[in-house]
Amino acid sequence: MKIDVKRLKTFILDADLVTEAQFKKVEQIAKANNQPMEDVLVSHNFISPDDLARLKAYILGIPFISLEQMIVPSDVLEIIPEPIAYSNNIVAFRKNKKNLEVAMIDPDDLQTIEFIKKKSDLKILPRLTSPEGIKNVLAQYRKTLKAEFQDLIRKDASGVKMIPIKKQFGDKEGQNLKKVAEELPVIRIVDTLLRHAVLDRASDIHIEPTEKEVLVRYRIDGILHDAMTLPKQVSPGIVARIKVLSNLKLDEHRLPQDGRFKFKSNEDKYSVRVSVLPVLTGEKVVMRLLAEGAKGYSLEELGLKGEALEYIHSAIKRPTGMILVTGPTGSGKTTTLYSILEMLNTPEINICTVEDPIEYRIPRVNQTQVLPKIGLTFSSGLRSLLRQDPDIIMVGEIRDTETASLAINAALTGHLVLSTLHTNDAAGAIPRLIDMKIEPFLIASTLNVVLAQRLVRRLCDSKEEYTPSQVVIKSLSKQCDCSRLLKALKEDKIIKPSEKITDVNFYHHKKSKSCPEGYKGRSGIFEVLPVTESIKKLIDEGVFSEKIKNQAVKEGMRTMVEDGLVKAAQGITTAEEVLRVIME
């Protein structure tokens, strides 16, 4: 059933999906990178995955089925076990008496079809589908599991003994809480909350005790969503279980505590950062989930492009100086720094970092975790790193004068320094450093580039296109210069040179069964401020950030609002989403 490459080429050319010249380019790329031709066709956008799947189905004489909008009954879905479906990209989608229709991507996977036939005792009718179709049906396993998780939690919560929130155990309080934390219902509830969060792609879990119940919320794509409510009596047990996992003090209820632990979900490993905070009604827990095996992103995948990307590439090629990434907490600053480190990480370079926390492990990079309790702070860690013969240094965050001073001196003495600051825009980084008692001439001498960023939610394919009214355009003009936005849209070839701002199309999010929120995943919006000679002169003069920003804009810097609205016009996100994250 395997399709010969020459045969596939003939059919693709006959169908006018790709020209002869384009196919020659595909063959060159495939040969140079030792990749299958099909992968190159799809990854370089010569042909869509859907068109390729339809063509293969036609060649093989196997029916093609589109599953992107299909909802599969749970009893049919569960005929193929979830691990088999995920690992082999094969799903059951229709059952008729003794016949079972299954959709797959690989028509050569006869072994899996034989396994399903024996397990189900049904006649298997194979169909080909697209990768997106398979993804849609695989996501429905998650919905089935979600319902099961909620039932499990309700069932186990009823088996947890009532434990008063106030201290009533005397000296044995810690021992009693440890016993409760080791009870099977409590273990199941915490384990289920974690697995449920992974399935929902949550970055954070909030467990919040109220007067009558416990509220669980998940942060998904930057937005908090109510996940479920639990009976009040489970609160002390859940908190105790999380404290045991994080190696925290069980009998301490008055002071905040921080810890971390690891867990495994299916084949993926996660590191969990834990924060426990005393509140009026008990103890609130926030857990941040970090996937240990997460793949790094390229700067292009993060959303950087054009001149902004060129400025960053230029800055990281310099052997000395400082690169700063700014933005509020949760705006993806660390991910951007890691992406830059991945680019710089070569055998001849010694890279050292001091972080709080170490979010992802990078091979060949010497990463140090800040531990303030024993005196290992950003400043003391950075001071020690300078004695480790580094070429490149990453400081997780510049928080105080001492760390800022050390970072500036490191950049002056032959090192490339990467770090983050909490400011609203790129120009705001300069007065922030001056507030930390750094001399303006030192900032001008060391700073290469400042990148400010936010994360916006990405639209699903079910989005709706619309042309903005005059009212909407007037509203947007309050946040950005529409003439500059129009210029940016023309530069990126989103609209024709003759078109006006009223010809620009934006998009609304649209909820669907496969995408309940209308959004899935996030992308970055950026403004990149290169420290040019004119900017250096303004820094030396100690001017305000507004003047620095205005000068950078004159020199061609695209502001964060402009970058966001360009991405809104491309259908990556919505104009409302861009304004939401910038106005926060």
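The values are calculated or read from the model by the stated rules, or taken from the named source; none is laboratory data. Fair warning: this is a prediction, and the values are worked out from it, not measured in the lab. Cβ coordinates were reconstructed from backbone atoms using ideal geometry, including for glycine residues, and neighbour counts include every protein chain displayed. Accessible surface is based on the protein model in full, side chains and every heavy atom, while ligands, DNA and RNA are left aside. Shrake-Rupley method; radii C 1.70, N 1.55, O 1.52, S 1.80 Å.
Cross-link check: pairs 264/333; 135/333; 305/487; 474/500; 25/567 evaluated at a Cα-Cα cut-off of 19 Å; pairs beyond the cut-off: 264/333; 135/333; 25/567.
Computed over the chain, the per-residue total of -39500 (n - 2.57) for DSSP H runs of n ≥ 4 gives a 222 nm mean residue ellipticity of -12500 deg cm²/dmol, rounded to 500. Distance from the C-alpha centroid of the stretch 1-62 to that of the stretch 236-306: 45 Å, rounded to the whole angstrom. When DSSP assigns beta bridges and you keep just the ones with both residues in the chain, what percent turn out antiparallel, to the nearest 5? For the chain, the DSSP antiparallel bridge percentage is about 65. The listed residues 268, 108, once ranked by accessible area (1.4 Å probe) with the largest placed first, stand as 268, 108. Shown are 415, 509, 196, 313, whose ranking by accessible area with a 1.4 Å probe and every protein chain present, most to least, is 509, 313, 415, 196. Projecting the Cα atoms of 209, 539, 48 onto the charge dipole of the chain (Cβ charges, centred on the Cα centre) puts 209 farthest toward the positive pole.
Of the whole protein surface, residue 361 contributes about 150 Å² of accessible area at a 1.4 Å probe radius. Here the convex hull built on the C-alpha positions of the stretch 389-454 has a volume of 84 cubic angstrom per residue. Rolling a 1.4 Å probe over the protein heavy atoms leaves residue 228 with an accessible area of roughly 20 Å². The coefficient of translational diffusion for the stretch 432-526, derived via Stokes-Einstein from the alpha carbon Kirkwood radius under 37 °C and 0.692 mPa s, stands at 194 µm²/s.
By the Cβ rule of 4.7 Å, the chain holds the following cysteines without a possible disulfide partner: 352, 480, 482. Between the stretch 402-461 and the stretch 312-382, how far is it from one alpha carbon centroid to the other, in angstrom? Between the Cα centres of the stretch 402-461 and the stretch 312-382 lies a distance of 13 Å.
For the chain, the share of accessible area belonging to carbon and sulfur comes to 50 percent (1.4 Å probe, ligands and nucleic acids excluded). If you bin all the Cα-Cα distances of the chain at 10 Å, starting from zero, the percentages per bin are 3, 14, 20, 23, 22, 13, 5, 1, 0.
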